[in-house]
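Student: Got a structure for you, questions after.
The values are calculated or read from the model by the stated rules, or taken from the named source; none is laboratory data. Values in this document were obtained by computation on a predicted structure and should not be read as measured data. Methodologically, a virtual Cβ is constructed for each residue, glycine included, from the backbone with ideal geometry; neighbour enumeration extends over all protein chains shown. Areas reflect the complete protein model, heavy atoms only, side chains present, ligands, DNA and RNA absent. Shrake-Rupley method; radii C 1.70, N 1.55, O 1.52, S 1.80 Å.
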Amino acid sequence: MKLSKLVAVLVGAGLVAGFAQAANAELTGTLKKIKDTGSITLGVRDSSIPFSYLDDKQAHQGYSIDLCMKIVGHVQKELGLSAPLKVVLNPVTSATRIPLMANGTIDLECGSTTNNVERQKQVAFAPTTFVTASRILSKKASNINSMADLKGKSVVSTAGTTSLKQITALNGEKNLGMNVISAKDHAEAFLMVETGRASAFVMDDILLATLAAGAKAPGEYTISREALSVEPYGIMLRRDDPDFKKVVDAAIHGVMQSKGKKKPEIEAIYAKWFMHPIPPKGVNLAWPISEQLAGAIAKPTDSGDPADYAAKK
């Protein structure tokens, strides 16, 4: 090879390497971590049916996990990776999910996490993908229909949730004299009501409905009409990482847009988990998209203000 050609090749190679280094240097935070390791870690739940849970084969699945996998695909595309990202599933609980996000153990939390203003001081959220309300589950024989009916009774909720914080505050404010119990997860909380160790379980209505539907005697339970709060759910990510959030938001926006199709992709994903039989027991929740969620799909938002999800009157 002539010297001039050799120099040209070396210079060209140097420029390519320089461009690659410059491209890598532009990456920061979570995106850099993902590209450097070739992997992304998802925080998943064991009993948040149908959002994120273990099936009868001890495999994690659910609505939120499906949405997270859409994000994974979009991240891989944005990073220009030829090889598929390694997806690591890291179990979390209501109590550990925020600390594990903050310390870098997980990159996305794919569960049933309420997005509120207080939590936004610690973490960030993708656009809202579900809207629920906090209600009271009890056995019909208990005749519990409202917070007032819980006076002097044992009431359970799950550690690290907005519901536990809420009933603890209401207990003091209204002088109800309740024995507020903290359970490690939703399954344990429901079991306490099932076995009579607690009179009621306060939690998001969709989670309560799912647990009751999968119980040995579903007909024994009732969920209050009284709603204690509106709870928008969002996939959680680290705060102060705008580049990663931009990619995550774009992925969720993508499944919420029809792009020439008759319906947005999120509607099919939603129907799979809320309008058809799901494992392990083949229960159909028959829980259609609410007016609040339909509004959040039409105009995506990551707002943590419940007022932004109020149904039209």
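Student: Which residue is farthest from E231 (Cα to Cα), if the candidates are limited to region 130-153 and must be in contact with a Gly (Cβ under 9 Å, 6 or more places away or on another chain) and open to solvent by 10 Å² or more (accessible area, probe 1.4 Å)? Give the derivation first.
Tutor: Initial filter on region 130-153 (in contact with a Gly (Cβ under 9 Å, 6 or more places away or on another chain)): 130-131, 139-140, 151-153.
Subsequent filtering for residues that are open to solvent by 10 Å² or more (accessible area, probe 1.4 Å) retains 131, 139-140, 151-153.
On the way: V131: 6, K139: 24, K140: 25, K151: 24, G152: 26, K153: 25 Å.
If we take residues in region 130-153 being in contact with a Gly (Cβ under 9 Å, 6 or more places away or on another chain) and open to solvent by 10 Å² or more (accessible area, probe 1.4 Å), then G152 is farthest from E231 (Cα to Cα).
Student: Being out of contact with any strand residue (DSSP E or B) (no Cβ under 7 Å at 6 or more places or on another chain) and open to solvent by 10 Å² or more (accessible area, probe 1.4 Å) narrows it down to one of D249, D205, D185, so name that one. Don't jump to the end; show me each part of the working.
Tutor: Values: D205 fails: out of contact with any strand residue (DSSP E or B) (no Cβ under 7 Å at 6 or more places or on another chain); D185 fails: out of contact with any strand residue (DSSP E or B) (no Cβ under 7 Å at 6 or more places or on another chain).
Exactly one of D249, D205, D185 is out of contact with any strand residue (DSSP E or B) (no Cβ under 7 Å at 6 or more places or on another chain) and open to solvent by 10 Å² or more (accessible area, probe 1.4 Å), namely D249.
Student: Within region 265-292, track down each residue that is assigned to a loop (DSSP other than H, G, I, E, B) and of a type in the set (D, E, K, R). Let's see the steps before the verdict.
Tutor: So the first thing to find is which residues in region 265-292 are assigned to a loop (DSSP other than H, G, I, E, B), and the list is 275-277, 279-282, 284-290.
The one that is assigned to a loop (DSSP other than H, G, I, E, B) and of a type in the set (D, E, K, R): K281.
Student: Filter region 280-307 down to the residues that are within 14 Å of G214 (Cα to Cα), out of contact with any Gly (no Cβ under 7 Å at 6 or more places or on another chain) and surrounded by 15 or more Cβ atoms within 10 Å (Cβ to Cβ) and list them by number. Even if it seems obvious, please write down each step before you answer.
Tutor: To start, the set of residues in region 280-307 that are within 14 Å of G214 (Cα to Cα) comprises 280-286.
Of the ones still in play, those that are also out of contact with any Gly (no Cβ under 7 Å at 6 or more places or on another chain) are 280, 282, 284-286.
Residue satisfying the conditions is L285 alone.
Student: Here's a follow-up. Check off (1) closer than 30 Å to I252 by Cα; (2) modelled with pLDDT under 95; (3) of a type outside the set (A, V, I, L, M) for T158 and give me the number that stays unchecked.
Tutor: With respect to (1) closer than 30 Å to I252 by Cα; (2) modelled with pLDDT under 95; (3) of a type outside the set (A, V, I, L, M), T158 is out only on (2).
Student: Among residues belonging to region 213-256 that are assigned to a strand (DSSP E or B) and in contact with a Gly (Cβ under 8 Å, 6 or more places away or on another chain), point out the one that is farthest from K35 (Cα to Cα). Walk me through how you get there before you give the answer.
Tutor: Keep residues of region 213-256 that are assigned to a strand (DSSP E or B), which gives 221-223, 229-233, 236-238.
Then drop every residue that is not in contact with a Gly (Cβ under 8 Å, 6 or more places away or on another chain), which leaves 232, 236, 238.
Details: P232: 31, M236: 20, R238: 16 Å.
Among those residues, the one meeting the criterion is P232.
Student: Let me ask something else. Which condition breaks for K263 when tested against (1) more than 24 Å from A133 (Cβ to Cβ); (2) surrounded by 12 or more Cβ atoms within 10 Å (Cβ to Cβ); (3) of a type outside the set (S, T, N, Q)?
Tutor: The single condition K263 does not satisfy is (2).
Student: While we're here: Regarding region 95-114, can at least one residue be identified that is over 12 Å from the mean Cα position of the chain (by Cα), in contact (Cβ under 8 Å) with a residue 60 or more places away in the chain, open to solvent by 50 Å² or more (accessible area, probe 1.4 Å) and over 24 Å from L191 (Cβ atoms)?
Tutor: yes
Student: Within region 31-81, take every residue that is charged (D, E, K, R) and in a helix (DSSP H, G or I) and give me the one that is most open to solvent (accessible area, probe 1.4 Å). Don't jump to the end; show me each part of the working.
Tutor: The first filter runs over region 31-81 and keeps only residues charged (D, E, K, R), leaving 32-33, 35-36, 45-46, 55-57, 66, 70, 77-78.
Within this subset, residues satisfying the condition of being in a helix (DSSP H, G or I) are 32-33, 35-36, 66, 70, 77-78.
Details: K32: 84, K33: 71, K35: 72, D36: 105, D66: 41, K70: 82, K77: 158, E78: 109 Å².
Result: K77.
Student: Among the listed residues I98, I181, identify the single one that is modelled with pLDDT of 95 or more, closer than 30 Å to K70 by Cα and either out of contact with any Phe, Trp or Tyr (no Cβ under 8 Å at 6 or more places or on another chain) or in a loop (DSSP other than H, G, I, E, B) (or both).
Tutor: Of the residues listed, the single one that is modelled with pLDDT of 95 or more, closer than 30 Å to K70 by Cα and either out of contact with any Phe, Trp or Tyr (no Cβ under 8 Å at 6 or more places or on another chain) or in a loop (DSSP other than H, G, I, E, B) (or both) is I98.
Student: So which residues in region 188-201 are β-branched (V, I, T) and surrounded by fewer than 15 Cβ atoms within 10 Å (Cβ to Cβ), if there are any at all?
Tutor: Start the filter on region 188-201 by keeping residues that are β-branched (V, I, T), which leaves 193, 195.
The answer is T195, and nothing else.
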